[in-house]
Structures are given as structure tokens and as C-alpha cells.
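Trainee: The structure that follows is given in the form of C-alpha cells.
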Amino acid sequence: MTVIILMSSCRQQSLPNSLEAINIINKDRPIELDIYDIVDSISYIPLETSEKCLLGELQRTKRDGDFYFVEDTKGLFVFGKDGRFLNEIGHKGNAPGEYLYMDNFYLDRKNKQVCIINNVQKRILRYAYDGTYISMSYLGDKDANIESAMLCDGGELLAFYPLPNDLFHVDSEYRVFREKGDTLVSERIMDAKALTTKDAFYPFLYFPMVTFNNKYFLASVFSNELYQYENGKTFPVYHVDTSATIPDEAFLDEHKDLDFFELLKIMNQRNIGTGITALEASSDYLFALIDNRKTLVWDGEKGILISTTYNSDLNLYSSLLTGGSSDEHVGYLSAEFFCEKKEDSAGSKALSELADSLSEDDNPVLFQYHFKKDAVKSLMEKYKL
């Protein structure tokens, strides 16, 4: 069943002459809005609960057409457009076609393959959407610390790496991979920041790459710049001016040996921002999370800053970005949440019926936003920006 609801030690970062500033209409006064100010509808997809698939806390969700790919701590599972469970992708183990650990996964939508990143065994395994094992490629010793990855149309694989720490002395924030036989050969395309998380593994940016307007955009730690990947190189192309300060090179150099989490405390005390911390994209908009607080919605010409969104159907305040579950505007809510919200959802017949169909221990419910056309223009008019 799919339910669709209708309706000082820092400085202002200087703008190099080669960069274009994104035109943010309301950079000094972000707006709070009802979610239906920006979406036409929200799809709610309750994931089938059965003995074959009892999900725990979701780690990631991705979508390709009628297929939803859902990762929890036990494995990676495929559901149909109505939430029906279809199959598992691979199995944990050490036999051929199995994996010991899954660090992340990405989709090869052109070839309809799911690719599991296994840093421990230094390999990437590929499976068909029905779970059939296809092939495997090996990673070099220094490459096997990938946090997240995105496949380009030309076949290059862009990989983002966590911050340097005591175990992994990475030299790259981003690398690009190309196939060479059964091995993926990499090239550094962005240097790692001179930071350290000491004995902790911490990527800081969980969704740093998107495709928007047929271009590949990347975020960088402690930066308000959007980078573009093209022809084997990355370069800054846009500056997001939100009137916030971010750490400059002198500040970072002064604190380069400080534990990253202590550095964040100092930045917070001095009201220093963290820049772009996540990216998402739809067919019409690029979304950037700023300082983990505000969301920029940019249509390629103008942008609007949003502080909070309110879902009046569920009496729920949240960020516009779906957070730690997906980079494709597919989020999730627990079945227990809907059971607790039965009274709040009584005004929506569809949501009320959904809540009545669930028990607290059922699998989570996915949701996906369907954004309005010309949303930036309509928000400017409604909020007199």
C-alpha cells in the first residue's frame, strides 16, 4: 500500500573572482514553512513486515523507479513501489558472492546493479536488483576507506573519504575510480583537510555528492563552496553566502593538532559555522544543509533559506532534508511513530487508515516528497521575499 497525501579566529569567506555567488533571497532571515508550501504531495510507503524481513534501525535508503533499497544493521533489502518485500541483496559471510561487512552501497542505475562497498576486504561487490551476484572489483590498500560513493554516467566512481584519524592517515577528501581489469584504480581529486578525529571514525559529511542539472556537485568539510567534478578534475564553481563565518586557513592551521570534536566545541563557542554539511537534489532543485541547521533550496537561479518545515498532517516539525537515511529525499518514520500519531493524523483519511493498519513493531514507513514546480518563485510571493 502506498499512501500519497496531496497539497576573529574566523572571517567571512572571501569570494574568488572565478566563483559565482548563489543568489539567496533571504540569507539573513530564513523562513519556517508548512511542508505543503513546497511539495505537491508526500508518498508514504509502509514496508511489508514478514518473517523474511524484520528490519531494525535503518541506515540508508535509495530508490530507482519502482525499487526501494533499504539497509539496516543486518543487511540490504529490496522492496517494490507498494512496499512489498522482494528480496535481499547478497548475504553476510565469507563464501563467494558474500560480504563480511557493508560500509555503504550505491546504485548503478544504467545497468540495474546494486554495489556494496566492503572496506574490510578491500572490494566492491555487484548484484542484480533481484539479488543475484554478478562480479567483484578489488580496491587498493590506501583506497579501502570509502565513506560514500556516486557513479557518474561515464562510468567513473566518485568516492568521499572520512576525516583523517589515528588509524587511517588519508590524503584525500575525494578520489575518482576507474575500472582496470578486476581492480578499481584511483586518482586523488581533492586533498584531505588538515584535521584529525584522533581515535574516532567520523566522516562529518554524510551526503556530500549530488547530480543536478546533469552536473556532479560536491561539498567539502568546513566550506561554503560547491565543487563540480568534470573530466577527471574538481573545481569550485559556486559560493553559498549565508552571512555566516566559517573557519579560515589560519584558524585551522592553529588548531590542526586538536581533536576534531574539541575543535567543534571551540567553533560553537565562537559562533563559527561549519558550512555546507549535506547535499540532496531533485529534478528541479538542489538542496544544501547549512551549519546542520538551515536548508538552502536552489533552482539554479535563485535560492531560499528554510529554517524548519512543519507537516500539518502529522503535527511534525523537521528539517527539509530527510537526514541520515537517504540522499534522495526518501526518508522514513517508524511504525510506532504513526501509531502514536493516530489522533494527529485523524484529519487525513489516508494517513488515518495507514496508522490503523500498523502495529508498533511493524517495519518502518518510507516517505518521499514530490516537489512543486516553481517552488522558489511561489515561496517568494507567499512570504513576500
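The values are calculated or read from the model by the stated rules, or taken from the named source; none is laboratory data. Everything quoted here is computed from the prediction, not taken from an experiment. A quick note on method: Cβ atoms are made from the backbone with ideal geometry, for glycine too, and the neighbour counts reach across all protein chains shown.
Trainee: Out of everything in the stretch 63-73 that is exposed (fewer than 14 other Cβ atoms within 10 Å of the Cβ) and of a type outside the set (G, A, S), what residue ends up being farthest from G131 (Cα to Cα)? Before the answer, list the steps.
Mentor: Going residue by residue through the stretch 63-73, those that are exposed (fewer than 14 other Cβ atoms within 10 Å of the Cβ) are 65-66, 73.
Subsequent filtering for residues that are of a type outside the set (G, A, S) retains 66, 73.
Working: D66: 16, T73: 18 Å.
Only one residue fits best here, namely T73.
Trainee: Being surrounded by 15 or more Cβ atoms within 10 Å (Cβ to Cβ), more than 20 Å from the chain's Cα centre (by Cα), among the hydroxyl-bearing types (S, T, Y) and under 30 Å from E225 (Cα atoms), is that true of even one residue in the stretch 41-50?
Mentor: Among the residues of the stretch 41-50, not one is surrounded by 15 or more Cβ atoms within 10 Å (Cβ to Cβ), more than 20 Å from the chain's Cα centre (by Cα), among the hydroxyl-bearing types (S, T, Y) and under 30 Å from E225 (Cα atoms), which makes the answer no.
Trainee: Please tell me if T183 is polar (S, T, N, Q), farther than 14 Å from L158 by Cα and touching a Gly at 6+ places or on another chain (Cβ under 9 Å). Step through it out loud before you land on a result.
Mentor: Numbers: polar (S, T, N, Q): yes; farther than 14 Å from L158 by Cα: yes; touching a Gly at 6+ places or on another chain (Cβ under 9 Å): yes.
Here the answer is yes, as T183 does meet what is asked.
Trainee: The conditions are (1) surrounded by 15 or more Cβ atoms within 10 Å (Cβ to Cβ); (2) among the aliphatic types (A, V, I, L, M); (3) within 16 Å of C115 (Cα to Cα), and I35 fails exactly one of them. Which is it?
Mentor: (3)
Trainee: Could you check the stretch 41-87 and list, in sequence order, the residues that are among the aliphatic types (A, V, I, L, M) and under 19 Å from I116 (Cα atoms)?
Mentor: L55, L58, V70, L76, V78, L86 - these are the residues of the stretch 41-87 that are among the aliphatic types (A, V, I, L, M) and under 19 Å from I116 (Cα atoms).
Trainee: Using beta carbons and a limit of 6 Å, which pairs, at least six apart or on different chains, have the first residue in the stretch 180-204 and within 13 Å of D259 (Cα to Cα) and the second one among the aromatic types (F, W, Y) and surrounded by 13 or more Cβ atoms within 10 Å (Cβ to Cβ)?
Mentor: As it stands, the answer is L195/F260; T197/F260, since those pairs meet every condition given.
Trainee: Residues of the stretch 366-376 being more than 26 Å from D82 (Cβ to Cβ) and surrounded by 15 or more Cβ atoms within 10 Å (Cβ to Cβ), which ones?
Mentor: Within the stretch 366-376, A375, V376 qualify.
Trainee: Mind checking which pairs have a first residue in the stretch 143-160 that is in a strand (DSSP E or B) and a second that is of a type in the set (D, E), Cβ under 6 Å, 6 or more apart or different chains?
Mentor: Cβ pairs passing all conditions: L151/D108; F160/E147.
Trainee: I'd like the residue in the stretch 203-218 that is assigned to a loop (DSSP other than H, G, I, E, B) and either among the aromatic types (F, W, Y) or at positive phi (or both) and, out of all such residues, is modelled with the lowest pLDDT. Spell out the reasoning first.
Mentor: Pass one, the stretch 203-218, residues assigned to a loop (DSSP other than H, G, I, E, B): 203-208, 213-214.
Then drop every residue that is not either among the aromatic types (F, W, Y) or at positive phi (or both), which leaves 204, 206-207, 213-214.
On the way: F204: 86, Y206: 80, F207: 89, N213: 94, N214: 94.
This residue is Y206.
Trainee: Next up: Check D344 against each of (1) under 19 Å from L320 (Cβ atoms); (2) surrounded by 18 or more Cβ atoms within 10 Å (Cβ to Cβ) and name the one condition it does not meet.
Mentor: (1)
Trainee: (1) farther than 25 Å from S326 by Cβ; (2) of a type in the set (A, V, I, L, M, F, W, C); (3) out of contact with any Leu (no Cβ under 7 Å at 6 or more places or on another chain); (4) surrounded by 15 or more Cβ atoms within 10 Å (Cβ to Cβ): which one isn't true of L167, the others all being true?
Mentor: (4)
Trainee: Right, here's the next one. For the stretch 194-217, check the following and say yes or no: at least one residue is surrounded by 18 or more Cβ atoms within 10 Å (Cβ to Cβ) and of a type in the set (D, E, K, R).
Mentor: no
Trainee: Suppose we keep only residues that are surrounded by 20 or more Cβ atoms within 10 Å (Cβ to Cβ) and closer than 22 Å to A288 by Cα within the stretch 246-257. Which one would you say is nearest to the chain's Cα centre (by Cα)? Full working, then the answer.
Mentor: Initially, the stretch 246-257 is screened for residues surrounded by 20 or more Cβ atoms within 10 Å (Cβ to Cβ), giving 246-247, 251.
If we keep only those that are closer than 22 Å to A288 by Cα too, we end up with 246-247.
Numbers: I246: 22, P247: 23 Å.
Residue satisfying both the conditions and the ranking: I246.
Trainee: Suppose we keep only residues that are within 12 Å of D103 (Cα to Cα) and in contact with a Ser or Thr (Cβ under 7 Å, 6 or more places away or on another chain) within the stretch 118-144. Which one would you say is surrounded by the fewest Cβ atoms within 10 Å (Cβ to Cβ)?
Mentor: Of the residues in the stretch 118-144, the ones within 12 Å of D103 (Cα to Cα) are 118-125, 144.
Add one more test, that the residue is in contact with a Ser or Thr (Cβ under 7 Å, 6 or more places away or on another chain), and what stays is 123-124.
Working: R123: 19, I124: 27.
Looking at the filtered set, the residue picked out is R123.
Trainee: OK, next. Which residues, taken from the stretch 219-245, are surrounded by 17 or more Cβ atoms within 10 Å (Cβ to Cβ), hydroxyl-bearing (S, T, Y) and not in a strand (DSSP E or B)?
Mentor: S220, T242, T245
Trainee: Can you tell me which residue among K142, K81, K110, K52 is closer than 16 Å to E179 by Cβ and not small (G, A, S)?
Mentor: Details: K142 fails: closer than 16 Å to E179 by Cβ; K81 fails: closer than 16 Å to E179 by Cβ; K52 fails: closer than 16 Å to E179 by Cβ.
None of the other options fit; the residue is K110.
Trainee: Going by the structure shown, is L167 over 21 Å from D108 (Cα atoms) and of a type outside the set (S, T, Y)?
Mentor: On the way: over 21 Å from D108 (Cα atoms): yes; of a type outside the set (S, T, Y): yes.
Yes.
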